[in-house]
Structure formats: structure tokens, C-alpha cells
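These notes are about the structure you will find just below.
The values are calculated or read from the model by the stated rules, or taken from the named source; none is laboratory data. What you see is a predicted model; the values in this text were computed from it and never measured. Here Cβ is always computed from backbone atoms with ideal geometry, including for glycine, and neighbour counts include all displayed protein chains. Surface accessibility is based on the protein's heavy atoms, side chains included, excluding ligands, DNA and RNA. Shrake-Rupley method; radii C 1.70, N 1.55, O 1.52, S 1.80 Å.
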Amino acid sequence: MGKINGCLKCVFIFFNVLFTIVGCLLIYAAVKASALTFQMSAFGGPGVGWIWVIAIGIFGISSLGIFAACSEKDLFLKIFAGFMVVGMIIMLIFGTVVAVFRNTMKENYVNASKEFADPIMKNEDSRNMLSSVQEFWQCCGVVSADDWGTAIPPSCECKDTNGPFGKPECKSKPAGSTGPTQIYSTPCSDTIFYYIDIAFKITLGILFGFAITALLGLLISFLMIHQVKRHDSIGGPSISMKGY
């Protein structure tokens, strides 16, 4: 029998093993996301540095938690509890910043869209990428079809087929322009913002979820530290499964 309640120790190790696996998956996701960073940079895609920080942090701290529980040393449990405090504060700060930034971006969306479109339309690689996006997402232009000037590309042609959002809405091409007669009425900025907003919501859920998890980990750590100190101070028998 050890110093810590057997059930509590098993539950603690189990959840730390789960988060170690989550950390590994996030590291894999960060590697994949890094490969797409250059391609999405033209569309203002967020960097992946924060994914690396969170992934490595989760993996390292979870591994420390497993070692602390197995060793039953109050020093390592205190270090783990300290990381839980720091992690909880960081997650709450990041969550608040992301929430504020999301609301600010929604308020400035209309004005920002035009500024967002200019650098894309001036770069040939970005224009080619936008053309591919248009064909897949059934949209035309960043802010509107006018972004293409007088030469509307074939990817803007409105086809009577269901897309990711169902059957697309069509409209006539701008007067004086060349290209398809019927084009998609939805600008791509709406689609891009829709998915960016989903990413923000998922990020908020993850950050605040980790904050709550860190709080629970902190409380369990304190309980385990108390059990270890209690055992060491009285020099008595180990805590059994029913001891706490």
C-alpha cells in the first residue's frame, strides 16, 4: 500500500495519461498545421506557435503528474500543483483575450474586409488560391465580385449544384465585365469569417475547458499532498483504499 489513496491515485494517473495522449495529438496537429501556415498566410490565417506551446505544455505537465503520483513525493506534487495554478491563470487570460479579439473582429468586420482584400488581389499566388477557394466554397471575390475588376474568372460561375452550404445563390455579373453570365452572389469573406468564427468558438471552449481541468487537478493535488504529509508525519500505516 502507498501513501496515497489507491482510487484517487488511479483516477489521477488515468486522467494524466489521457492528457498526455491529447498532448501527443496536439503536437501532431501542430506539425500538420505548420505545413499549411505559409499557404494560409495570404488569407490572414493565425499562426500556429500557440498550438506548439499548448501541446508541449500539456504533454510535459501531464508526464510530470504521472511521475509525481507514482513516486508519491510531495515535492513533485507541489511542482505539479504550481503548474496547475499557472496553467489555469494562463488559460483564463488567453480565453479572455480571444473572446475580446473575436468580438472586436466581428464589430470591425465590414471595414476590415476591404483592407483584407487589397493585398490578396495584388498578389498573383493569392489570386490563384482565391480562385480555388471560390470554386470549392461557391463564392466570388473577397468582398464582392468587383474585387476582380472587369475580368471575372471562371471559378465564379454559378452552377446549379449543391455546395457546402446547400444550393448557391446566383446573380448577374457586374456590368461591363467579362466572364460567366451568372456568378455566385456570396463573397468569400463571409465564408472565411464563418470558419474563423467557428475556430474562435472552439478555441474558447478548449481554453476554458483546460482552465476548469487545471482547477480540478489543483484540488486533487492538494488532497494527495495532504495524504502524503499525513502519512509521513504520523509514520503510520499506508492509506488504504478506504482510508480517505
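Tabulated values for the structure
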item	result
Residue that is farthest from ILE54 (Cα to Cα) [pool: residues in the stretch 186-205 that are β-branched (Val, Ile, Thr) and either open to solvent by less than 80 Å² (accessible area, probe 1.4 Å) or in contact (Cβ under 8 Å) with a residue 40 or more places away in the chain (or both)]	THR186
Number of positions in the stretch 80-101 that are β-branched (Val, Ile, Thr), free of Cβ contacts under 8 Å to residues at least 40 places away in the same chain and buried (at least 17 other Cβ atoms within 10 Å of the Cβ)	1
Boolean, ALA81 is in contact with a Lys or Arg (Cβ under 8 Å, 6 or more places away or on another chain) and at pLDDT 90 or above	no
All positions within the stretch 186-213 that are part of a loop (DSSP other than H, G, I, E, B) and either more than 24 Å from SER131 (Cβ to Cβ) or aromatic (Phe, Trp, Tyr) (or both)	none
Qualifying residue in the stretch 28-48 (condition: in a helix (DSSP H, G or I), aliphatic (A, V, I, L, M) and at pLDDT 90 or above)	no
ILE183 part of a strand (DSSP E or B) and either open to solvent by 80 Å² or more (accessible area, probe 1.4 Å) or farther than 30 Å from GLY65 by Cβ (or both)	yes
Extreme residue, nearest to the chain's Cα centre (by Cα), among residues of the stretch 121-142 that are on the phi < 0 side of the Ramachandran plot and crowded, with 20+ Cβ neighbours inside 10 Å	TRP137
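Matching residues to (1) open to solvent by 50 Å² or more (accessible area, probe 1.4 Å); (2) touching a Lys or Arg at 6+ places or on another chain (Cβ under 6 Å); (3) modelled with pLDDT of 90 or more:
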position	(1), (2), (3)
GLU169	yes, no, no
LEU207	no, no, no
ILE212	yes, no, yes
SER221	no, no, yes
